[in-house]
Each structure stands twice: as structure tokens, then as C-alpha cells.
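These notes concern the structure reproduced below.
The values are calculated or read from the model by the stated rules, or taken from the named source; none is laboratory data. Keep in mind the model is a prediction, meaning the values are calculated, not measured. Because the Cβ atoms are built from the backbone with ideal geometry, glycine has one as well, and the counts that use them run over all protein chains shown. Only protein heavy atoms, including side chains, enter the accessible area calculation; ligands, DNA and RNA are left aside. Shrake-Rupley method; radii C 1.70, N 1.55, O 1.52, S 1.80 Å.
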Amino acid sequence: MLKLRKYLTPFRVPLIISMVLLALKSLSDLYLPRLTADMVNTGLVNNDIPYILRVGGIMLAVAAFNIACLLIAVYVAAKAGNAFCRDLRDQVFTRIESFSLSEFDRFGPASLITRTTNDVNQIRGIMDFGLRMIVMSPVTIIGSVVMAFIKDPALALIFVVIIPIISTAFFFVLHKGLPLNTQLQKKLDGINLVLREGLTGIRVIRAFNKEGTDKRRFESVNKEYADSSIYVNRLMGIITPLVTLIMNLAILAIVWFGGFRITVGKIQVGDLMAFIQYALLVISALTTFTRLLIMLPRASVSARRINEVIETVPAVRDPEAAKASSGLSGVVEFKDVTFSYPGAECPAVHKISFTAKPGETTAIIGGTGSGKSTLVQLILRIYDVTGGAVLVDGVDVRDMPQEVLRAKIGYVPQKAVLFSGSVMENILYGKEDAGVEEIEHAADVAQAGDFIRSMEGGFDADVSQGGLNLSGGQKQRLSIARALIRRPEIYIFDDSFSALDFKTDARLRRALKKETGQSTVLIVSQRVSTVMDADQIIVLENSEIVGIGTHDALLASSAVYREIVSSQLAEEVSA
């Protein structure tokens, strides 16, 4: 948790104020038993009513001071704690946004969600409750023992015996609980993972009648988490009754030995009452401190998990010194590019070289797993190449700030991703300051204008989370409109026409040719009809280029391309 200390720096002053107020409250608590002893020894024994009223008034004033200190301290600490956790969540989210897909694969979305929410909440709980206990409990315990020694050193030896016993029990439970809480948080990640998969894959689950299997799967991970949580809480729960038992035995010992000492005149009745009050203060402080010990192991694990995210250095990051463009605009060049996914036995793409120029359409075609989408991700720097170089405008993409690089590109992913909101907001995601005419033009070019205007509300119609209220083709067309509105130097369509019928596909490609005439266009597709009009077709097989050329040239020179064509356009070829 110490590694998170630097994020507390802006809130240091309010936290110090809160700690000082809590310390004053604890010190004033120690003054009350002394007043009680004086009232009994002097006021009640001598039946001195004015003295009793005066001391009683002081006790009321001390109690009011305690309440004021506690309220102000809790309010200030709560404000600082909430602000700290707000900033911590922001730090975690900002770091996650900078991750490449390698880091996402390493942590997993389910774990990242848990770390951003539940783990931060664990830290919040420690700041809310733990701060009070960290300050008040030691002051109360140490102060009570010191005041007891001042009253009667011999009787105070009871505290010297019981506090080490309780401390030993504390550290034993803490030592056992820390690794168990690490496992507990991992099991919570597992629940999040299964729940997330169940929600996102509900259509597949229902289509295959696997509701029962999915339910049993969730019940299994849920039971594992519940069993582990019960075991941990039982282990931590031992502390409270144990402390209560030991301290009540201590009170019995105080009353027993104190009675003898009153008999021999070593102490007075008021002093014995003060001793009992000091013992009760120690019991209260230790009991609440046990709650801190229950929370501390889990918060420590959460802090470590948060640190792992914040301290992870993304594999893809901006260069320290960016290189200026060579004057080219929209030129994409691959130079002997090789890339392997982490842990893969063989490269996803190997020795890839080609150039895509402005005003031309470059299409990439090949079988499933041949590396088509991987090439696109290397242009965007979703991953960095492991060999060779990808150049945009004559500059290696690794020497270019990611924001600058991606501002040059209009990207339509293989899986259309839409966000909850309106149709207009989703299109504006590509260009926030676009006007109404630009939005409508982009939609019309993407062949989305007609179905948008037929929706209730038109461009203001609602889009549900993930675009679930739209068909696959509608989502693809909105994704294309979102890319078109940017008017970038480079357009990348990663199998973006797969959900369109052939008629809509043909209309869309004709409209795109007019719209993107001066830009570099890269199309990834498995459809021959989509790529056959391209100026340059790149054929991939087994992660390597096996042919480059126009449709006619490849028919004559590439056996792989002929096989693809014959499987899709047998009638047209034979004709």
C-alpha cells in the first residue's frame, strides 16, 4: 500500500487535520476516567454537591468536545478519501487506456474491471474506517496503560500481561489471512469473468440450450468464492471474541486484585472505577482494531493489484523524440514485416513487403488465420512489429506519436462496435465538430441514410449498448459512416462488408470510390467480389504473401488466388 502513498500527497493537509482531531478526541477520552475517579473519591465520598456539579459539567464539556472532533474529523477524512479514490480510479482507467492488446491479454477484461471497482473500494474502506482506527486505537491503548500505571503501577501490570497475548493472536491471524485474501480476489475475478461471458454470449448459450450448463458454471465459481470468503471471515472472526474474552478476564482480575488493594488502602474506590474504564477503553480500541485487521489483508492485496496496473509499462508507447514526416501523405509501406503474438510458436505474418499509395485501393485477401487483420493492427500500432518496419508517410510508426498516427486513419474494425447513445453521437465519434450536413453525407455514402431516417427519431434514434437493437449490416454501415466523416488520409476496412448483401456491397463500393478517391484505401476481405476491382490485391497464405497484382494478373499467375476465385465465383469464371 505504500506505493500508493504518492497519490495521497494532494490530500495530505486534510488527512493530517483529521488525524490531529482524532488524536485529540482519544486523549480527551483518557481524561474522563480521571474525572470519574475524582468525582467518586472527593465528591461522592464527601457528598460535595457543588464539586460533583462542577466535575459533571467538565465531563459534559469533554464529551461535547469529543463529538465535535469526531464529526469534523470524519467529514474531512471522507471528503479526502472520496477524492483520493476518484483520482485513483482515474489513474487506473487512464493507464488501462494506454495498454496495448498484449497487456489486455495479460490481465484480462474481467480482472481489470474488478481492479478498477472492487479493489479501489477496498482501499476506500481502509481510508474511511482504518484512518480512525490507526490513530485512535494506539493512542487509546497506550494512553490507557500509561494512565493506569500512574494510578497504580502494580495493578497496571495486568495490562502488560494481556496486551502481548492479544498482539500475538493479531499477527498470527494477519499472517494467515493475507495469502487467503489474495486467492479471494482472484476468485472474484473468476466470478466477473464467468458473468461477463454469460452476458455477452447469451445468444449462443440460448441457441445451443446451454442455460443449465452456464448456470452450473456460475454456481461453481460462486460457491468457490463463497466458501473461501466464509473461511477467511471465520478466521478473522476469531479475533473479536478472543479479545473480548481476554479483556473481560482482565476486568475480573482488576476487580479481584483491586478489591484487595482497596482493603489495604493502596487505592480508592474511584481509582478502581477508573481502572475499569481504562480497561473498557482498551477493549473498545482492540475490538475496533480487529475490524481493521480483517480489512487490512484484503486492502493490501487490492493495493498490490492496483499497483500492478499503474506500474505496468505498455509495450506500445510513444517515442521520446518523434520524427517528422518525409512529405508523403497517406503512403503505407511494409518492409520485411514479421510479427508473432506473445507465446505463439510461429509468426502471424512473415516477411511482408508492399506499398499502398494515395488514390489507389489495396485489397488483402486470404484464408482464415492467414494474417489479414494482423497487418491492419500493425498499421494502427495495436501491436508493434517484431521484425522489419511499417512506415506511414515515410516514417516508422514506432517513431510517430500514436495520436498523430491514428489521426491519419479512418478505421472500420472487423467486428462493428457501437456505443450506447444516439445514431448521431456514434457517427460523431469519428469527428466531434462535424456539422449536420457532414453527418448526413457520411451516412448516405455508407448506405446507412435510408434505414436511419426510417428509425423513430432519425439521427437522434437511440442505439443500445453494443448496438444490439441494430442488425449486423446496419452496425457495419454506421461504423463505415463513422470512419468516413473523419476524411482521413488512410482508410482501413477490415472485413467491413461481410454482413452486407451483394447489392448493398456493390453500391457502397461505388460510393466509396468517389468519396475516397484521393486517399489510400486498404480493404481486408474474404469476398472476391469485394476486392476484384482493387488496384492492388495482396494474397496471403500461411502468414506470407503468395501473390500481388490486379485481379486479372493474379488469375494468370497465382494458383492460390485462382482457388479462392473458383470457390466463390465459379460461374463467372467459367463464363
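For the chain, what is the mean residue ellipticity at 222 nm derived from helices alone (per DSSP H run of n ≥ 4: -39500 (n - 2.57); sum divided by total residues; nearest 500 deg cm²/dmol)? Kindly include the intermediate steps, with their values, before the conclusion.
On the way: 22 runs with 353 residues, N = 575.
Estimated from H runs of four or more residues: -20500 deg cm²/dmol.
Surface exposure of segment 58-196, expressed per residue as accessible area with a 1.4 Å probe, stands at 48 Å².
For the pair Lys335 and Leu235 in one chain, pulling the backbone fully straight at 0.36 nm per residue adds 29.9 nm over the alpha carbon distance. At the residue level, His175 shows approximately 140 square angstrom of accessible surface with a 1.4 angstrom probe and all protein chains present.
If r is the Cβ-Cβ distance from Val146 to Leu101 and R0 is 41 Å, what FRET efficiency results, to the nearest 0.05?
0.10
Each principal axis of the Cα atoms in the chain has its own extent, and those three values, largest first, are 122, 50, 47 angstrom. Computed with a 1.4 Å probe on the full set of protein chains, the accessible area for Thr140 sits at about 10 Å². Stretching Asp501 away from Lys210 to a fully extended chain increases their span by 101.7 nm, per 0.36 nm per residue minus the current alpha-carbon distance. Accessible area of Leu478 (1.4 Å probe, protein heavy atoms only, ligands and nucleic acids ignored): about 0 Å². Using C-alpha pairs under 8 Å with a sequence gap of at least 6, the mean separation divided by the residue count of the chain gives a relative contact order of 14 percent.
Protein heavy-atom surface of the chain, 1.4 angstrom probe: 59% of the accessible area is carbon and sulfur, with nucleic acids and ligands not counted.
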